[in-house]
Amino acid sequence: MTEKPEDEHPDKPWLAYSRAMVVVAHPDDAEFGFGGTLAKMVKEGMELAYVLCTNGDKGTTDPDITQEQLAAVRQREQRNASAIIGTTDVTFLGYGDGELESTREVIGKIVHEIRRFRPEIIFCQDPFNRTRHNHRDHRMAGQSTFDAVFPFARDRLHFPEHIAEGLETHKVAEIYTSMGDDPDVVIDTSDVIDISVKASQAHRSQIADPQAMEERIRGRTSELAEKNGFKYAEGFRRHTFNPGRPLHRVPLD
Ligand SMILES: [Zn+2]
């Protein structure tokens, strides 16, 4: 892990890290939810990897496309979107859209990617949000990611087959969750808004009107930004993992 002290960047704690991973349920969730932040991390020199839990094979109103065809289209769109954000490290776990459960198998696959890529910070969907309904796959992906980070990726007797294949245990320092209640970290995405829009538009099968999509992204990210003195911004809840205190919510001030 990078040993830069966190207080070096009190307003930008993520700058202490050099490796970020995003784990989401569906192709497009990352870009539609927080593509600006991911582009920003890459721009600031971070290595980035994607994990997609499902293949998004139900996301269509077209009666002529099969699930297999749609899964292939969405995989291609996701690779394009991730390349625009700035990475080719994209892993598809391949579960059916709407069929994700937080099982030992799913957790094990996420643990495998954590032990392979060794991220210090993970971005995922908020499994704890209690104020509005969230897609079942999003809840399952978020919950599985938290469980994968603590304690499974950390302990060598969990999924020992990973150790046998040459991977090591790994401690993730922080998780940032999106789609949750009041954000306590706001990231200025003004300088990467064009990348964010372009990456979202790469999910062509999911967008009826690219222009309207751009306006929606700019509108949504400017609302939160205004309150914080930025032009565009994305918000997260920050969760830190410390020895002896496994999950610590940074208090709101
Ligand atoms: Zn989704």
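What follows draws every value from the coordinates through simple rules; no lab data is involved. As the structure is a prediction and not an experimental result, all values here were calculated from the model. Every residue, glycine as well, gets a Cβ built from its backbone with ideal geometry; the counts of neighbours run over all protein chains shown.
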Listed residues ALA141, ALA199, ALA208, most fluctuating in the chain (Gaussian network, C-alpha, under 10 Å): ALA208
Members of LYS12/LYS227; LYS43/LYS171; LYS109/LYS227; LYS58/LYS198; LYS12/LYS198 lying beyond 29 Å, as alpha-carbon distances in this model show: LYS109/LYS227
Relative packing of 80-87, 222-229, which averages over residues the other C-beta atoms within 10 Å, highest first: 80-87, 222-229
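Counting each DSSP H run of 4 or more residues in the chain as -39500 (n - 2.57), what helix-only mean residue ellipticity at 222 nm follows after dividing by all residues, to the nearest 500 deg cm²/dmol?
On the way: 7 runs with 93 residues, N = 253.
After summing the helix terms and dividing by the residues of the chain, the value is -11500 deg cm²/dmol.
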Total formal charge among the other residues, if their Cβ is under 15 angstrom from that of GLY96, Lys/Arg +1 and Asp/Glu -1: -3
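What net charge is computed for the residues neighbouring GLY56, neighbours being all others with C-beta under 10 Å from the C-beta of GLY56, Lys and Arg scored +1, Asp and Glu -1?
Numbers: positive: LYS58, ARG74; negative: ASP28, ASP29, ASP57, GLU77, ASP97, ASP137.
Combined, the nearby Lys, Arg, Asp and Glu give -4.
Please compute the Kirkwood hydrodynamic radius of the chain from all pairs of different C-alpha atoms, in Å with one decimal.
Evaluated on the chain, it is 18.5 Å.
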Between the stretch 49-101 and the stretch 15-42, the alpha-carbon center distance in angstrom: 16
Selected from ARG19, ARG156, ARG79 as most flexible by GNM, with the chain as the system and alpha-carbon contacts under 10 Å: ARG156
The chain: relative contact order in percent, alpha carbon pairs under 8 Å with at least 6 residues between: 22
Calculated from backbone phi, Karplus (6.51, -1.76, 1.60) coupling profile of the stretch 166-174 in Hz, x at Gly/Pro: x, 7, 10, 5, 8, 9, 8, 7, 8
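Stokes-Einstein D for the stretch 154-234 at 20 °C, 1.002 mPa s, Kirkwood Rh over Cα pairs, in µm²/s? Before the final figure, lay out each step's value.
Numbers: Rh = 15.8 Å.
Calculated translational D: 136 µm²/s.
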Candidates ALA202, ALA72, ALA212, ranked by Gaussian network fluctuation over the chain, Cα under 10 Å, top entry: ALA212
